[in-house]
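Single-structure report; data block below.
Coordinate-derived values only; no laboratory data. The structure presented is a predicted model; accordingly, all values stated were derived computationally and were not measured. Here Cβ is always computed from backbone atoms with ideal geometry, including for glycine, and neighbour counts include all displayed protein chains.
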Amino acid sequence: MSGLSSRHLLGLESVPREDISMILDATETFREVLDRTIKKLPTLRGITVLNLFYEPSTRTRISFELAEKRLSADTVNFTTSTSSVKKGESLRDTVQNIEAMKIDMAVVRHSSSGVPYFLTQCMDANIINAGDGAHEHPTQALLDMFTIRRKYKKLDGLRVVLVGDVMHSRVIRSNIWGLKTMGASVALCGPSTLLPYDVEKFDCDVYTNMDEALEGADVVNIMRIQLERQQAGLFPSQREYTNLFGMNKERLRHLNRNYTIMHPGPMNRGVEISSEVADSDNAVILDQVTNGQAVRMAVLYLLSGRKEEGQ
């Protein structure tokens, strides 16, 4: 298997269909590994991966770290609270000092959009974006797409509705670019105050009415409402948001028969999604978590340029 067309994964906006297909196909192989008794491969033995997280994270950080260890990579975890960042060291100096310790790959999460790209300008390591500001979160979208493809055996022609804070969600952005590249029909739904002023650039159907958006949908991917937006006055109250945009049992009647409910987590139960829907048979929320590890294994493997071993 040849490698990807780029040595970094910074986002999905400009990633070609062939690369996304390659990642999803490789993920199938690594997903099988996770069902084995021994879940470890020698594939990245000798490779050192830096987990550079400037933002709090539970699922993404643990998922990447486990993916690296499953592939026998050496991992280094960076924590800002115990680093020289607290002494005023710049991002450039921090990463260049770490790279001088012979780092091969870096997984970065940062609150500022564009930081992963910036790192490609001052490091020789392969850079993987684990979420940058309100820009993109490519591996989350890839695991979402893999989860959908695993159920329907395709992405092309499916109607996927992304619900929530379209303006600030990096997950929504990566899903838009990835799903559209793979031929899915994408609809966006959220309060008008949480839609970007240039939402038409996404070339998606846009709704401010949840029931209209859900009509004929195959997949509904519900994003976490960042409650700090409420303090900013972008929606009046959690109760009103739930009434207008919460995914509940009553709204399921609008969906196609073989529908799928998704959520990247963490969930605000009773706000953007009811427990009844989140825990239903058509929800694949925990599958997304498991599949995320396989997707990250696939990305690490493909960017490393290593040949498959022990699979």
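Using R₀ = 25 Å, calculate the FRET efficiency as 1/(1 + (r/R₀)^6) where r is the Cβ-Cβ separation of Val76 and Asp35; round to 0.05.
Values: r = 29 Å, r/R0 = 1.14.
Computed FRET efficiency for Val76 and Asp35 comes out at 0.30.
Could you pull out every residue, at least 5 positions away or on a different chain, whose amide H is within less than 5 Å of the one on Val206? Hs are placed 1.01 Å off N in the peptide plane, and Pro or chain starts have none.
Leu188
Taking the Cβ of Lys69 as the centre, find all other residues whose Cβ is under 10 Å away and add up their charges (Lys, Arg: +1; Asp, Glu: -1).
On the way: positive: Lys39, Lys40, Arg70; negative: Glu65, Glu68, Asp74.
Local net charge: 0.
For the pair Met101 and Lys201, how long in nm is the line joining their label points, each one 7 Å along Cα→Cβ?
Taking the simple label geometry, Met101 and Lys201 are separated by 3.8 nm.
Cut-off is 10 Å between beta-carbons; in what order do Leu10, Leu71 appear when sorted fewest neighbours first? Kindly include the intermediate steps, with their values, before the conclusion.
Details: Leu10 22, Leu71 25.
Ordered from fewest to most neighbouring Cβ atoms within 10 Å, Leu10, Leu71 come out as Leu10, Leu71.
In percent, how large is the relative contact order of the range 180-311, given Cα pairs closer than 8 Å and 6 or more residues apart?
Details: 143 pairs, mean separation 29.3, N = 132.
The value is 22 percent.
Hey, can you grab everything whose amide H is under 5 Å from the amide H of Leu158? Only 5+ residues off in sequence or another chain; H modelled, so Pro and N-termini drop out.
Those qualifying (amide H under 5 Å, at least 5 residues apart or on another chain) are Ser185.
Output wanted: per-residue J couplings in Hz (rounded whole) for the range 282-294, from phi through Karplus 6.51 cos²θ - 1.76 cosθ + 1.60, θ = phi - 60°, x for Gly and Pro.
Residue by residue, the range 282-294 yields 8, 8, 10, 5, 6, 4, 4, 5, 5, 5, x, 5, 5 Hz.
Percent relative contact order of the range 105-179, based on C-alpha pairs within less than 8 angstrom and at least six residues apart?
Working: 101 pairs, mean separation 22.7, N = 75.
Worked out over the range 105-179, it gives 30 percent.
Rg/Rh for the chain: what does it come to with C-alpha atoms and Rh from Kirkwood? Don't jump to the answer; show the numbers that get you there.
Details: Rg = 19.4 Å, Rh = 20.0 Å.
Rg/Rh for the chain comes to 0.97.
Given the pairs Lys69/Lys153; Lys39/Lys201; Lys102/Lys153; Lys151/Lys249; Lys40/Lys154, which span a C-alpha to C-alpha distance of over 31 angstrom in this model? Please report the intermediate quantities before stating the final value.
Numbers: Lys69/Lys153 29 Å; Lys39/Lys201 42 Å; Lys102/Lys153 41 Å; Lys151/Lys249 21 Å; Lys40/Lys154 29 Å.
Going by Cα-Cα distance, Lys39/Lys201; Lys102/Lys153 fall outside the 31 Å limit.
Out of residues 5 or more away from Asn77 or on other chains, whose amide H comes under 5 Å of its own, with H placed 1.01 Å from N in the peptide plane?
Correct list: Asn51.
Give a residue-ordered list of calculated ³J(HN,Hα) values for the range 146-163 (Karplus: 6.51 cos²θ - 1.76 cosθ + 1.60, θ = phi - 60°; whole Hz; x for Gly, Pro).
With the stated coefficients, the range 146-163 comes to 4, 4, 5, 5, 5, 7, 9, 6, 6, 10, 4, x, 6, 9, 10, 10, 9, 10 Hz.
In debye, nearest 20, what is the charge dipole magnitude of the range 1-159 about its Cα centre with +1 on Lys and Arg Cβ and -1 on Asp and Glu Cβ, if you could check?
Numbers: 22 positive and 20 negative charges, 128 e Å.
In total the dipole reaches around 620 debye.
If you line up the Cα atoms of the range 139-289 on their principal axes, what length do they span on each, largest first, in Å?
If we take the Cα atoms of the range 139-289, the spans are 41, 35, 27 Å.
With n ≥ 4 as the cut-off for DSSP H runs, can you work out [θ] at 222 nm for the chain, using -39500 (n - 2.57) per run divided by the number of residues, rounded to the nearest 500?
On the way: 11 runs with 114 residues, N = 311.
That calculation yields -11000 deg cm²/dmol at 222 nm.
Going by alpha carbons, how many degrees (0 to 90, nearest 10) lie between the helix axis of 17-33 and the longest principal axis of the chain?
With rounding to tens, the tilt is 80 degrees.
Among DSSP beta bridges lying fully in the chain, give the percent that are antiparallel, nearest 5. Walk me through the numbers on the way to the answer.
Details: 1 of 36 bridges.
Antiparallel bridges make up about 5 percent of those DSSP assigns within the chain.
Which value in nm describes the separation of the simple spin-label points at Tyr117 and Asp93, placed 7 Å from the Cα toward the beta carbon?
Between Tyr117 and Asp93, the simple spin-label model gives 2.6 nm.
Can you work out ³J(HN,Hα) from phi for every residue in the range 131-139, in order, using Karplus 6.51 cos²θ - 1.76 cosθ + 1.60 and θ = phi - 60°, giving whole Hz and x for Gly and Pro?
After applying 6.51 cos²θ - 1.76 cosθ + 1.60, I find x, 10, x, 9, 8, 8, 9, x, 5 Hz.
Mean-square fluctuation check for the chain, GNM, Cα pairs under 10 Å: which of Gln121, Gln238, Gln96 is largest?
Result: Gln121 has the largest fluctuation of those listed.
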